[in-house]
Amino acid sequence: MPCRKIIHIDMDAFYASVEQRDHQEYRGKPLAVGGGSGRGVVAAASYEARKFGVRSAMPGALARKKCPELIFVKPRFEVYKALSRQIRDIFYEYTDLVEPLSLDEAFLDVTHPKKGKNSATLIAMEIRKRIDEDLQLKASAGISYNKFLAKIASDVNKPNGQFVIKPEQAEGFIEALPIEKFFGVGKVTAEKFKKLGIHSGKELKEVSREKLQKHFGKHGMFFFSIARGEDLRQVEPQRVRKSVGAENTFSTDLLSTEELNHALEEICSELYRRLIKAEMYGKTITLKIKYHDFTQITRSRTFPIALQSENLIREVSRELLHQHREPDKPIRLLGVSFSMLEKKGILPGKQLRLDLKF
């Protein structure tokens with residue numbers, strides 16, 4: 001197989017950088033996008049805030065403790081989405097093989113670029129320069145021969161830098177890599193690796209395929225491959241959407257049936273709006289309940305054809321909620337999602353009739 005040229009572009013503190021760009025009074029100051037009171041969480045933190053230990057997904061109250069001078073601003077997602085589209089337009093000038101991972105990062109396959117020199121390194125530099133000049137935002141890049149290594153490389157010289165891992169450098173780089181830095185290894189998985197005596201890429205490479213599959217199931221084969229620098233995943237310009245969902249974390253815990261039904265109705269309405277926008281419906285509906293003590297359950301139902309009616313979505317969600325919740329435990333979060341998605345245009349015209357009991 002010919003060597004591919006993959007770039008991973010990752011915007012630097014994207015939401016926070018946009019706010020600092022648009023508001024001069026925020027520049028050079030610790031800033032968090034998100035909620036700083038009640039149950040608010042940090043959606044993004046500027047690099048000035050990160051020096052104090054403020055991170056995304058951190059509760060706002062904890063972020064304030066770490067950095068009393070932290071400035072909180074409300075997110076402007078429509079602005080971020082519009083900028084993300086402009087950034088992708090720059091990507092498409094160089095290749096049609098663009099796989100967005102989120103608003104602020106994407107993989108690009110520039111093995112056969114549409115323009116510029118036939119060098120992934122130079123193309124990454126040019127793209128980052130364009131983003132800076134056109135949008136006054138900074139981006140970092142990782143360049144390698146597969147997605148795993150490109151993703152890891154984009155973190156090496158952050159912020160506003162790039163890093164290349166050539167095929168002949170991959171083995172040494174991976175062996176020296178701490179296990180928690182591996183793509184797909186979160187806190188829990190990292191601890192599991194460490195309990196097995198695996199702290200680095202070198203130690204991971206010494207573990208048999210069978211042992212990894214025993215302890216990590218289907219992910220074991222992935223870990224076995226990436227420890228050897230092998231990742232055959234293609235850059236997928238049209239990623240298949242696997243689910244559509246909506247959820248809400250409440251400002252105060254909910255317990256009464258009336259409050260929960262009202263909250264669930266709002267969540268289902270938002271979910272239905274997102275399904276319409278995605279032109280999708282789904283066969284499997286999943287309810288997520290998170291209690292006041294952070295214990296969590298999910299319950300699902302699958303139907304022979306996709307649900308197209310907002311009323312049916314509400315009814316099934318209510319049934320799942322009241323059949324499976326613990327009535328004496330306050331609830332802090334509810335979520336509803338659809339999977340086994342089908343495109344709107346190919347659904348049968350006859351809607352499912354359900355006999356629901358509450």
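Read-outs throughout are calculated quantities, based only on the coordinates presented, and are distinct from any laboratory measurement. Values in this document were obtained by computation on a predicted structure and should not be read as measured data. Neighbour counts run over all protein chains shown; Cβ positions are idealised from the backbone, glycine included.
Can you tell me the relative contact order of the chain? Whole percent, Cα pairs under 8 Å, sequence separation 6 or more. Can you show the working numbers first?
Details: 640 pairs, mean separation 48.0, N = 358.
Worked out over the chain, it gives 13 percent.
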(request) Report, in order of residue number, the helices in the chain meeting two criteria: a C-alpha extent of 18 Å or more along the helix axis, and a mean Kyte-Doolittle hydropathy of at least -0.5; treat each whole DSSP H run as one helix. (result) 77-94, 120-135, 257-278
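Using a Förster distance of 51 Å, how high is the FRET efficiency between Glu310 and Asp89, based on the Cβ-Cβ distance and rounded to 0.05?
Numbers: r = 34 Å, r/R0 = 0.67.
Computed FRET efficiency for Glu310 and Asp89 comes out at 0.90.
Evaluate E = 1/(1 + (r/R0)^6) for Phe77 and Glu168, where r is the Cβ-Cβ distance and R0 equals 41 Å; express this FRET efficiency to the nearest 0.05.
Details: r = 43 Å, r/R0 = 1.04.
In this case the efficiency is close to 0.45.
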(message) For Ser200, what residues show an amide H to amide H distance below 5 Å, using hydrogens built from the backbone and excluding near sequence neighbours?
(response) Ile179
(message) For the ranges 207-218, 308-319, what's the packing order if you count other beta-carbon atoms within 10 Å of each residue, average per peptide, and put the highest first?
(response) 308-319, 207-218
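Stretch Gln296-Glu175 to full length: gain in nm at 0.36 nm per residue minus the Cα-Cα span? All intermediate terms of the calculation are to be shown ahead of the outcome.
On the way: separation 121, 0.36 × 121 = 43.56 nm, distance 3.68 nm.
Extra length available between Gln296 and Glu175 comes to 39.9 nm.
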(message) Give me a comma-separated list of calculated 3J(HN,Hα) values for the range 331-342, in order, Karplus coefficients 6.51, -1.76, 1.60 applied at θ = phi - 60°, integers in Hz, x for any Gly or Pro.
(response) 10, 9, 8, 10, x, 10, 9, 10, 10, 6, 6, 10
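If I take every Cα pair under 8 Å that is 6 or more residues apart in the range 1-161, average their sequence separation and divide by the length, what percent do I get for the relative contact order?
Working: 309 pairs, mean separation 48.2, N = 161.
RCO, the range 1-161: 30 percent.
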(request) Find how much the distance from Ser339 to Lys66 grows on full extension, using 0.36 nm per residue of separation minus their present alpha carbon separation; answer in nm with one decimal. (result) 94.4 nm
